[in-house]
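Below: one structure, written as structure tokens.
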Amino acid sequence: MQKYNYFVLGYNAIDYFNNWYDRSVFPNTTMRFVDNGDQKTPPSMETNIVHKSNTNLGCAGGWNLICDIGFNHYNLDVIIVGQEDGRVSEEVFEALITNCDSHTLCGTYDNGFEFSTFAIHRDTFAKVGRFDENFVYVGCEDNDYKYRCKLFGVEVVTLGISHTYNCSIANNNNVKPKKSSTHNADYMERKWGNYTYTKPFNGEQVETYTDYFLELHGLVKQFPSKLEYETFKKTNNENYIE
């Protein structure tokens with residue numbers, strides 16, 4: 001098994017990723033790609049695609065699916081979660097896993113972009129829980145998780161690498177509905193009261209799915225990442241851990 005387990009969540013920049021990701025300088029890395037945008041796969045990437053989602057899971061759902069695959073299917077203790085447009089190196093990977101343990105989640109970039117590429121321990125995911133898929137597309141799901149980490153005594157640190165190495169191709173109003181940004185910000189405020197609540201929604205019972213989530217996904221039995229993981233398991237015959 002390679003030293004670095006790198007899971008990439010893709011949406012609309014697989015060609016960009018394929019151009020910057022030079023396999024010759026990642027000799028100690030196993031790279032697995034989860035395509036969240038039904039993209040045309042370059043021939044050189046075909047063996048790296050471990051799953052193509054049937055619906056847009058957003059960042060939160062995509063990260064949940066990656067954690068399910070990494071922790072449950074491959075039985076890994078620490079995984080590195082990245083994205084197509086966040087450029088990294090094995091030196092970055094080494095620093096990420098060195099600084100990551102069950103009490104510390106380590107991100108890469110500065111200026112609030114820790115989660116553009118981050119290392120997470122299976123115990124952290126079990127303790128803090130899944131990313132909240134009511135944060136649709138992209139936006140605020142990382143702030144939610146950082147605050148939840150704080151409440152559970154998990155420190156979120158960053159290597160402080162310039163965020164200019166992360167060009168945010170999928171995080172702009174050309175590729176996501178403008179409504180999603182407003183929805184996510186409003187949902188974050190309702191959930192945590194400007195970071196004054198110590199329990200979600202100040203302890204009040206709320207609906208499982210927001211209205212905008214239902215508008216996008218319909219009334220589902222469980223969040224989309226769990227449905228996608230069930231599909232993943234059916235198409236992968238290797239043993240997995242539940």
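Say whether the condition of being at pLDDT 95 or above, closer than 30 Å to LEU214 by Cβ and in a strand (DSSP E or B) is met by at least one residue in region 107-117.
no
Select from region 184-232 the residues that are of a type in the set (Asp, Glu) and assigned to a helix (DSSP H, G or I) and write down the one among them that is surrounded by the fewest Cβ atoms within 10 Å (Cβ to Cβ).
Residues of region 184-232 that are of a type in the set (Asp, Glu), as a first pass: 186, 189, 204, 207, 211, 215, 228, 230.
With the extra rule that they be assigned to a helix (DSSP H, G or I), the set shrinks to 186, 189, 211, 215, 228, 230.
Details: ASP186: 13, GLU189: 12, ASP211: 9, GLU215: 12, GLU228: 24, GLU230: 11.
Per the stated criteria, the residue is ASP211.
Among the polar types (S, T, N, Q), touching a strand residue (DSSP E or B) at 6+ places or on another chain (Cβ under 9 Å) and without any contact (Cβ under 8 Å) to a residue 40 or more places away in the chain: is that true of THR98 in this structure? I'd like the intermediate steps shown before the answer.
Values: among the polar types (S, T, N, Q): yes; touching a strand residue (DSSP E or B) at 6+ places or on another chain (Cβ under 9 Å): yes; without any contact (Cβ under 8 Å) to a residue 40 or more places away in the chain: yes.
In short, yes.
Of all residues in region 60-90, which are farther than 22 Å from ASP101 by Cα and in a helix (DSSP H, G or I)?
Within region 60-90, GLY61 is the sole residue that qualifies.
From the list ASN5, ASN36, ASN18, ASN12, which residue is under 28 Å from CYS100 (Cα atoms), of a type outside the set (Phe, Trp, Tyr) and in contact (Cβ under 8 Å) with a residue 40 or more places away in the chain? Spell out how you get there, then give the answer.
Working: ASN36 fails: in contact (Cβ under 8 Å) with a residue 40 or more places away in the chain; ASN18 fails: in contact (Cβ under 8 Å) with a residue 40 or more places away in the chain; ASN12 fails: under 28 Å from CYS100 (Cα atoms).
Step by step, each of ASN5, ASN36, ASN18, ASN12 is checked, and only ASN5 is under 28 Å from CYS100 (Cα atoms), of a type outside the set (Phe, Trp, Tyr) and in contact (Cβ under 8 Å) with a residue 40 or more places away in the chain.
The values are calculated or read from the model by the stated rules, or taken from the named source; none is laboratory data. Worth saying up front: this structure is predicted, and the values here are computed from it rather than measured. All Cβ positions, glycine included, derive from the backbone under ideal geometry; neighbour counts span all protein chains shown.
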